[in-house]
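Note sheet for the following structure.
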Amino acid sequence: MATANKHSKLLICAIGIFVCYFYFGMLQEKITRGQYGDGENREKFTYMFALVFVQCLVNYVFAKTILLTVMKQGEDTTSTLYYALSSLTYLLAMVCSNMALQFVSYPTQVIGKAGKPIPVMILGVLLGKKVYPIRKYVFIFLIVIGVALFMYKDGGVTKKQSDSQLSVGELLLLLSLTMDGLTSAVQERMRAEHNSKSGHMMLNMNVWSAVLSGIVILVSGELVEFIRFLQRYPTTVWHITTFSVAGACGQYFIFLTVAEFGPLPCSIITTTRKFFTVLGSILIFGNSLSSRQWLSTFIVFSGLFLDAMYGKDKSKKDIVK
């Protein structure tokens with residue numbers, strides 16, 4: 001009976017992660033790549049810091065509620081400096097990732113972000129003095145090959161302008177991955193020195209990110225333009241709100257999965273959901289992949305699955321979506 005209940009709980013967590021992040025991904029593409037208005041007055045959503053501000057604010061409120069009601073984790077002794085540093089890199093990673101969608105398709109963004117283990121491992125070795133088993137290097141090399149093959153541009157197929165746009169999008173993805181790696185490095189230090197808990201990390205990183213992004217949108221004037229955009233297109237308010245709520249709920253299911261079942265099932269679930277998010281983007285938004293890109297997608301996710309199954313060491317892992 002206990003085993004059946006445990007399997008049921010894991011199934012609920014898996015469904016929660018799949019549903020929340022599938023909806024999150026589809027709305028992310030709709031908001032950042034969609035066009036608003038009619039005729040010649042059509043415009044795109046370009047207020048990425050404002051979007052991340054709303055997202056972090058909702059995440060903070062959600063984390064605060066969970067810590068007060070469900071996931072009580074005691075006193076937090078983590079240094080404020082660590083939270084500030086990790087929040088800055090966390091914020092920049094999200095902004096760069098969202099901005100990249102203005103230049104590349106959503107499947108490209110997902111495949112590019114699937115390369116996150118690469119900077120995490122590199123920075124873990126350089127900054128954290130970590131030692132990884134040889135098999136992990138092999139699995140990460142598979143991911144590198146897959147991502148490089150996916151991003152490779154066939155000569156003579158694309159125009160100069162699209163090449164330029166793609167290069168900007170790929171640069172933003174590279175910056176996002178670098179920030180992800182730095183975030184993980186700081187998180188590892190936080191766990192090693194203060195045994196930081198996931199709920200406290202979610203709460204503090206999001207409140208700091210909300211403060212930093214709030215300062216940016218106030219100083220730059222983006223807040224005013226963002227509000228005017230919402231007034232012109234009121235349906236965007238619903239899209240952004242549900243997008244943020246879906247992301248917050250998805251994070252909670254990830255934290256719950258890791259707490260109840262460990263990082264391995266969580267890694268397998270999140271890797272699988274990324275693959276189905278790519279399929280959803282292709283079916284819903286009409287994005288297409290070449291035969292080479294399908295092959296590279298298979299290589300990337302094979303590397304991710306192998307890394308999830310056999311590449312983990314015994315240390316605690318960062319929780320990512």
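The values are calculated or read from the model by the stated rules, or taken from the named source; none is laboratory data. A quick note: this is a predicted structure, and the numbers were derived from the prediction, not measured. All Cβ positions, even for glycine, are placed from backbone atoms using ideal geometry, and neighbour counts span all protein chains on display. In case anyone asks, the SASA skips ligands and DNA or RNA and just uses the protein heavy atoms, side chains included. Shrake-Rupley method; radii C 1.70, N 1.55, O 1.52, S 1.80 Å.
Details
- Taking all Cα-Cα distances within the chain, those exceeding 35 Å account for 19%.
- Between Trp238 and Val70, the modelled labels are 2.6 nm apart [label points 7 Å from Cα along Cα→Cβ].
- Cα convex hull, the range 14-109: 140 Å³ per residue, rounded to a whole number.
- Percent accessible area from carbon and sulfur atoms, the chain, protein chains only, probe 1.4 Å: 67
- With the biggest extent put first, the Cα atoms of the range 11-68 measure 48, 25, 13 Å across the principal axes.
- Mean Cα-pair separation over length for the chain, i.e. relative contact order, pairs under 8 Å, 6 or more apart, %: 37
- For Asn195 and Ile122, a Förster radius of 25 Å and the Cβ-Cβ distance give a FRET efficiency of 0.50, rounded to the nearest 0.05.
- Percentage relative contact order, the range 1-150, counting C-alpha pairs under 8 Å, at least six apart: 20
- Residue pairs, from the table Lys9/Lys116; Lys9/Lys30; Lys30/Lys274, whose Cα atoms sit over 22 Å apart: Lys9/Lys116; Lys9/Lys30
- Cβ-Cβ FRET estimate between Gln102 and Asn5, R0 fixed at 56 Å, reported to 0.05: 0.80
- Paramagnetic label zone (point 7 Å from Cα along Cα-to-C-beta, Asn41; backbone N under 16 Å) in the range 199-235: 228-235
- Near Ile66: Cβ cut-off under 13 Å, other residues only, Lys/Arg at +1 and Asp/Glu at -1. The net charge is +3.
- Each residue of the range 8-18 was assigned a 3J(HN,Hα) from its phi angle through the Karplus expression (A = 6.51, B = -1.76, C = 1.60, θ = phi - 60°), giving 5, 5, 5, 5, 4, 4, 4, 4, x, 5, 4 Hz with x at Gly and Pro.
- FRET efficiency, Leu230 to Ile134 (Cβ-Cβ, R0 45 Å, nearest 0.05): 0.30
- Spin-label model, Ile284 to Leu264: label points 7 Å out along the Cα-to-beta-carbon direction sit 3.2 nm apart.
- A protection proxy built from the mean count of other Cβ atoms within 10 Å ranks the segments 265-273, 104-112, 64-72, most packed first, as 104-112, 265-273, 64-72.
- Peptides 244-254, 185-195 ranked from most to least packed, by the mean per-residue count of other Cβ atoms within 10 Å: 244-254, 185-195.
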